[in-house]
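Beneath this line is the structure, given in structure tokens, with notes to follow.
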Amino acid sequence: MADAFVGDLLALDRDVAQGAPRLARWRAALRTDPEAHAGEDPLSRFRQVAGRSAWDALGGLPAGGADARLIAGLRRWIYFLLQARLSRAGEVAWARAAAAPCGLIEGEDPRRVSWREAWRDVVVVKTPGEAQQRMEAAAAGGPSLAGIATRIADRRVEVARRLGLSHPWEPAVGLTRREVRTTAARFLDATDDLSRSLRAERARLPGAAAALHRAVAREAGHGWPGHLTPRWLHETFGSGTEGLKLDLPTLPATLGAASFARALSMFGFALRVAAAPHAMPFSIANEPAFVGAHRLAFVFGSLACDHEFYGRVLGLGRRTSLAQARMLTDTALLEARLHAARILLGDEEALAPCGLFEEIGTRLFGSPLDPKLRGAWPRAREDEPARWVAILEASALRESLRQDFDVDWFRNPRAWAHLRARGAVAAREPVDPSAVGGGADALAHAFERALG
């Protein structure tokens, strides 16, 4: 029976190749207009690759042989699609709650804003005081969103256990929950002193709103173009992408230098996806969690922290280049520590314990987070463990590019050929637990060298 069900592995792969992008498009549309898309079921036509029967049947096939990679890839995708199908109601509930008016913005024109609007405006408004108002408005919606997040987490844990897995994160990175959490805790421990000294050095206002507002890096605007467009990315890196079809998402609004760092990350992600071998089955050439794509995204995003990039691409002098690179490295440190916090607070088996939530908020921002945010923010995304592993591996990849192709590797045709060849092998690259563990220390040391 199992052999009959999975006898045509390539047919299953074709279904995955159609179902996965349909799910991604639905999720993007749901975030934009929840009511218009809440009734849609993007996987209704693909139940055969989003159910336990396929998972069990593939698991019953021999582990070795010519089809081993395809079977392993199909199982990862089936797990991902199964979790998404069973979490659909929770995603709809979250999107609706995030779009509903929840908090009041006072002033000359008082109004109620949604969770999404409030968070967007934290970085858009002009002053830290206005950012604090937006965070308070967002916190008003926190309790209802936390309840939804808890229900989603419980469902994901239940699904993982019914499939014989120890934790929902396991298929994404092939590491245990303990291994992933340990590296996040180690990185926070190793960068606590640096984070505190940077706050003291600049006499920063304590609190998340002020930190997030500052992280936009408005003061590091020298050399960047007036508008952030795909054309700028093409002009900067076009020769390295010749022959590839990059699917770039909508680029962020130009608020500060951090907007360009985000765009560089999006470019790196799209590059890695575009380099996937089209001749291979979809489930081998692509992976649900995109560890490899996130890894290259962080490498390209780190160019905003590289003074060589400012000098050779933006044409800035050394003094300005060093100053702006330091500002963006400061932003990158906060971002990395937020990723670590999402791992520790977003673990589905223990979602944002009260004591840990207060402790980590203080360690990140110098003062505790609003208790109403517990369980709602900082929230771990579905692929958070993959993003975290990618951050830890990105430092080694960046250093290897600099050593093999010089400090301006981003202008070296051989470096681009190397990256494209690496992406063309397969999406799934083995995750080495010892290298990931060492990556937490290496990343902390890199920030210490740059900012200490």
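Details
- Single residue of the range 223-246 satisfying the filter (surrounded by 13 or more Cβ atoms within 10 Å (Cβ to Cβ) and of a type in the set (Gly, Ala, Ser)) that is farthest from the chain's Cα centre (by Cα): GLY223
- The set of residues from the range 344-369 being surrounded by 18 or more Cβ atoms within 10 Å (Cβ to Cβ) and over 23 Å from SER197 (Cβ atoms) comprises LEU345, GLY346, ASP347, GLU348, LEU351, ALA352, PHE357.
- Test: GLY60 is in contact (Cβ under 8 Å) with a residue 24 or more places away in the chain and closer than 14 Å to LEU9 by Cα: yes
- Answer from ARG272, ARG196, ARG202 - the residue that is closer than 28 Å to LEU356 by Cβ and touching a residue at least 12 places away in the same chain (Cβ under 8 Å): ARG196
- Tally of residues being farther than 18 Å from ALA325 by Cβ, crowded, with 21+ Cβ neighbours inside 10 Å and over 15 Å from the mean Cα position of the chain (by Cα) across the range 247-275: 2
- For the range 126-166, the set of residues classified as in a loop (DSSP other than H, G, I, E, B) and surrounded by fewer than 18 Cβ atoms within 10 Å (Cβ to Cβ) consists of LYS126, THR127, GLY164, LEU165, SER166, listed by residue number.
- Residue selected from the range 57-71 under the condition touching a helix residue (DSSP H, G or I) at 6+ places or on another chain (Cβ under 9 Å) and either of a type in the set (Val, Ile, Thr) or surrounded by fewer than 15 Cβ atoms within 10 Å (Cβ to Cβ) (or both), by the criterion modelled with the highest pLDDT: ILE71
- Meets criteria (out of contact with any Leu (no Cβ under 9 Å at 6 or more places or on another chain) and without any contact (Cβ under 8 Å) to a residue 60 or more places away in the chain) for ARG312: no
The values are calculated or read from the model by the stated rules, or taken from the named source; none is laboratory data. Computed from a prediction, not measured in an experiment: that's the story for all the values here. All Cβ positions, glycine included, derive from the backbone under ideal geometry; neighbour counts span all protein chains shown.
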